[in-house]
1. Rounded, prolate or oblate: which one fits region 276-364, using the alpha carbon gyration tensor with axes a ≥ b ≥ c (rounded when a/c is under 1.5, else prolate when a/b beats b/c, else oblate)?
2. Rounded, prolate or oblate: pick one for region 1-109, where a ≥ b ≥ c are the square roots of the eigenvalues of its C-alpha gyration tensor, a/c under 1.5 means rounded, and failing that, prolate if a/b is larger than b/c, else oblate.
3. When we measure straight from the Cα of Lys214, which lysines land under 17 angstrom away, once same-chain ones fewer than 8 places off are left out?
4. HN-Hα J couplings of region 297-309 from phi, Karplus 6.51/-1.76/1.60, θ = phi - 60°, integer Hz, Gly and Pro as x?
5. Tyr98 versus Lys41, label points 7 Å from Cα toward the beta carbon: distance in nm?
6. What does the extension gain come out to for Ala325 and Ala172, with contour length at 0.36 nm per residue minus their alpha carbon separation?
7. For n ≥ 4 DSSP H runs only, could you compute -39500 (n - 2.57) per run for the chain, divide by its residues and tell me the 222 nm figure to the nearest 500?
8. What is the distance in Å between the Cα centroid of region 178-193 and that of region 1-51?
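FYI, it's all coordinate maths here, none of it is from the lab. As the structure is a prediction and not an experimental result, all values here were calculated from the model. With ideal geometry, Cβ positions are generated from the backbone for all residues, glycine too; neighbour counts draw on all protein chains shown.
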Amino acid sequence: MTRAHRTILVTGGAGFVGSHLATLMKRDRDGARVIAFDNLKRRGSELALQRLASGGVEFRHGDVRQAADLAEVGAFDLLVDCSAEPSVHAGYDGGADYLVDTNLGGTARCLEAARRHGADILFLSTSRVYPIAGLRGLPLERAGDRLDLPPTAAGPGWSHAGIARDFPLDGARSLYGATKLASELLVHEYGAMYGLATVVDRCGVLTGPWQMGKVDQGFFVLWAARHLYGGPLSYMGFGGEGLQVRDVLHVADLHALIERQLADPGRHAGCTYNVGGGRDLSLSLRELSALCGARAGAGRTVGGVADTAPADVPWYVTDAAAVQAATGWVPTRRLEGIVEDVFRWLTDHRKLLEPILGMSGGHRTGERGQESEG
Ligand SMILES: NC(=O)c1ccc[n+]([C@@H]2O[C@H](COP(=O)([O-])OP(=O)(O)OC[C@H]3O[C@@H](n4cnc5c(N)ncnc54)[C@H](O)[C@@H]3O)[C@@H](O)[C@H]2O)c1
């Protein structure tokens, strides 16, 4: 990144990640303008408006598919692109227009706006750029309550430590993953051709308070909410036993990393990093059930559906060694602490959240597990 950022545009700024980044960036920058831009498509994003206002963040209702909406924002010198339809199952029933227009077309509109203002760009990408067949082909074994790789196994871009940036990219990855990978390519083009400083963070599962967890995205919060508020849960896919594994990163730890990246322009411009909690912050759905049951004071009966949906993957753990070496960053929040943080938020805001995250929240069909994430 090239200069002090006095005006920051956060697209998707009322979403889970965007609202955290916007308020924390505003908190840490005396006198800076931070603008959260969002069309409030995601149910629950409207709840962010009060938090944004009390944090001094300006809110603009707008759509990244519309160049005119972005033009109305005026000049900015840093774009943090968090707007997306973030579900790996999106686009398969009822058409892919919204997904592609937002996740790819929206990125293109944002990049044009950034070019006009000479702004730096931080793009939130996803582990879902990696192909499904490649991830399913890993030599996984059952190890207690989870699937895992043997300690000495390794191959191109993968090892016991997780999936590194150079994991092979050939193969289908879901429409969601495809739109994010295509967006990454555009981001790099704008960086190289227009001299904009760009950073791409390919994130594994992110979680924390104010994530509006639903059936197809945000399993960690959905799982905790169902333990607290009630409602059905099922392990979906891979035999229906809940052995599939993800690593999890608290959104505050993502923010800490991003601040390091923004503070060291020469080092990170043009870079792509795999970002996530890593092995120490990985867990299976069964293990998450145990953690949530312990915190809630009672376990839950969780159903099982053996069939695996086409976009599901059994194991994704981030090998974050490259970003850690480049920044000195390490996640500070442990799994138990993340569970505690989410449960406390669910308890403190129950009246507000139960209509969205509980049984009445309209997220009842086929309560999926974490196969959809990242
Ligand atoms: N949450 C995760 O686990 C995770 C993991 C990897 C990558 N990511 C990426 O991080 C970013 C943020 O994800 P999130 O978890 O905060 O999702 P989110 O759904 O909470 O936030 C996305 C926001 O974008 C808004 N939005 C959707 N379509 C829009 C449009 N056309 N115009 C303007 N705004 C629009 C939504 O209303 C929502 O507030 C996304 O790019 C996602 O792909 C998230």
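1. Taking the square roots of the gyration eigenvalues as a ≥ b ≥ c, region 276-364 is oblate.
2. It is prolate, given that a/c is not under 1.5 and a/b is the larger ratio.
3. Lys214 reaches Lys41.
4. x, 7, x, 10, 7, 10, x, x, 10, 5, 5, 9, 6
5. 0.7
6. 52.1 nm
7. It comes out at -10500 deg cm²/dmol, rounded to the nearest 500.
8. 22
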